[in-house]
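Here's the structure we're looking at; comments come further down.
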Amino acid sequence: MRIKEKRMKSFVSRANVLTQAKKQAEAAKAVSDGLQYYSNNVIKAISPYAAADAGMIVVVLRHLADEMESKNVGAKEFAEWLDEHTKKPPLIETQVVKKPNMQ
């Protein structure tokens, strides 16, 4: 039996509706919530990761971003606009060092 994933309404669509209703603060919050939602999910998907693999993860994420931009009309322009007009929080990482099992 296949489990159907729950789809969410687009954060951008919600922000557009709020902007048309002259609710700019709420629209900005919808965009901010969307950025936070996707950031959290990507970080959760790749964590924990080996520090030595960080470069590989960067290449994969950049490749996926390039593919998404090329396959979705307007995605590149919107991403550039978001990059210029939003504040992105810094990534906070903690490193865990496992002690070797010396039994």
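The values are calculated or read from the model by the stated rules, or taken from the named source; none is laboratory data. Here the structure is a predicted model, which is why all the values come from computation and not from measurement. Cβ placement follows ideal geometry from the backbone for every residue including glycine, while neighbour counts extend to all protein chains displayed. Accessible surface is based on the protein model in full, side chains and every heavy atom, while ligands, DNA and RNA are left aside. Shrake-Rupley method; radii C 1.70, N 1.55, O 1.52, S 1.80 Å.
Here is how the numbers come out for the structure above:
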item	result
Computed over the chain, Kirkwood Rh from alpha-carbon pairs, angstrom	16.9
Leading residue at positive end of dipole, segment 1-52 (Cβ point charges), from Y49, S39, S13	S13
Cα-based helix-to-principal-axis angle, 11-20 vs the chain, degrees rounded to 10	30
Probe 1.4 Å, accessible area per residue of the chain, Å²	96
Relative contact order %, the chain, counting alpha carbon pairs below 8 Å whose residues are six or more apart	13
Accessible surface of the chain, 1.4 Å probe, proportion on carbon and sulfur as whole %	59
Extension reserve of the Y38-R7 stretch, reckoned as 0.36 nm per residue once the Cα distance is removed	9.8 nm
